[in-house]
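In what follows, a single structure is set out as structure tokens and then discussed.
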Amino acid sequence: MPPYHIIGGGDANTYRMDESCDGIWMEYLNQFAPRGIYNAAEGTYRIPNWASGYHLTPYHKALPSSNWAGNYLRNVPTVQTSNFQNNESAAAGIQLIYSGSGFQRGKSGYFVWKHHASWDKQDQNHPMEVSDKPVFKIEEVMLNYAEVMFELGKFDQSVADLTINKLRDRAEVGLMRVSEIGSDFDPDRDPSVEPVLWEIRRERLIELMGESFSWEDVRRWKKADYFVNKQHYGVYLDNVTGTFNNNKATTGGTGILNPDTKKEASDAELAAMGNCGHLYYYLDPVSAGKGWLDKYYLRPIPSDELLLNDNLEQQEAWK
């Protein structure tokens, strides 16, 4: 979900836009239809209860987000529920990391919006969704084709224009120029992967995020150790002080990641880092004694199948 901030309008369902700081928090709010019914006299929007009237909202893909009761999510990024200064503007352009609605938070500071459940009408107890959702779409076809053509040694600019660049043009991001992609194109690239193939795979990970492809793709590429056995972290924050680190209520129980130790930064370490960094999400999986095991590349034979067929035997790695 894109970052934004709104101001409480007196109750959990009513809000007004935060146009302070030269409209810094309006960048994405201005690009989407406002969710809720507008009251011109008060300059507020009121979000209907999804269980009884979400379908009255004129636009589906709208901001701000809200839960099933129409309680707005005041701020993104969000890491915890907090009732702090409900009617306050995000003064001086300081990025806040509080939320304000139950069940809409994450320790990483991110909130996935891609599969917004309540397009039309539903509540927490009764599924009443009536809108369609594609299970196979042209984006997947394009990315399948791009990857296959590379593996066949036939990926060139014409294929990029037919596939990846159509997706990028729709998203208004820079187009892929195959001739410009060399070994130094991405300094963070896994050096065992061809530069162009790396970009094709990146496109697939981005485009199909949250659609249950990445897990299978990473296994198919046999690159799970690269993607899984590394430190993962949350949103980037600046102007972080020692008070922030000690008073972890502001971050949902976590501080800032020290990229050297892979652990939460102390006050002194945070100061040495310039009082900025990514939210500490969890310990590096390898350091935690976990991480990827090669047997995960294969699936175990289901136990019920083993019971049904005496001729089957469990794979050696899963015994």
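Just so you know, all these numbers are worked out from the coordinates, no wet-lab data involved. In this text the structure is predicted, and so the values were computed from the model without any measurement. As a convention, Cβ positions derive from the backbone with ideal geometry for all residues, glycine included, and neighbour counts pool all protein chains shown.
Test of understanding: what is the full-extension gain from S266 to Y145, defined as 0.36 nm times their sequence separation minus their Cα-Cα distance? Mind showing how you got there, number by number?
Details: separation 121, 0.36 × 121 = 43.56 nm, distance 4.81 nm.
Taking S266 through Y145 to full extension adds about 38.7 nm, to one decimal.
Over the Cα atoms of segment 125-234, what is the Rg over Rh ratio if Rh follows Kirkwood? Walk me through the numbers before you get to the answer.
On the way: Rg = 15.9 Å, Rh = 15.6 Å.
Rounded to two decimals, Rg over Rh is 1.02.
Please compute the length gained on full extension between D304 and D22, using 0.36 nm multiplied by the number of residues separating them and subtracting their Cα-Cα distance.
Details: separation 282, 0.36 × 282 = 101.52 nm, distance 6.24 nm.
Residue separation times 0.36 nm, minus the Cα-Cα distance, leaves 95.3 nm.
HN-Hα J couplings of segment 219-229 from phi, Karplus 6.51/-1.76/1.60, θ = phi - 60°, integer Hz, Gly and Pro as x?
5, 5, 7, 6, 10, 5, 4, 5, 7, 9, 7
Order these peptides, 178-189, 149-160, by their mean beta-carbon neighbour count within 10 angstrom, highest first. Please list the in-between numbers first.
On the way: 178-189: 11.2, 149-160: 14.7.
With the highest mean Cβ count within 10 Å placed first, the list reads 149-160, 178-189.
Say the cut-off is 20 Å between C-alpha atoms; which of K107/K230; K137/K295; K262/K290; K166/K222; K230/K290; K154/K223 go over it?
K137/K295; K166/K222; K154/K223
Provide the per-residue ³J(HN,Hα) series for segment 182-197, in order, calculated from phi with Karplus coefficients 6.51, -1.76, 1.60 and θ = phi - 60°, each as a whole number of Hz, with x at glycine and proline positions.
The phi angles translate into x, 5, 9, 5, 10, x, 9, 5, 5, x, 7, 10, 4, x, 5, 4 Hz.
Mind giving me the nanometre distance, one decimal, between the label points for D186 and Y282, set 7 Å out from Cα along Cα→Cβ?
Between D186 and Y282, the label points sit 2.4 nm apart.
If I model a spin label as a point 7 Å beyond the Cα along the Cα-Cβ vector, how far apart are those points for Y296 and K107 in nm?
If labels sit at Y296 and K107, their model points lie 1.7 nm apart.
Quick one: give the max-minus-min coordinate of the C-alpha atoms of segment 270-309 along each principal axis, largest first, in Å.
63, 15, 14
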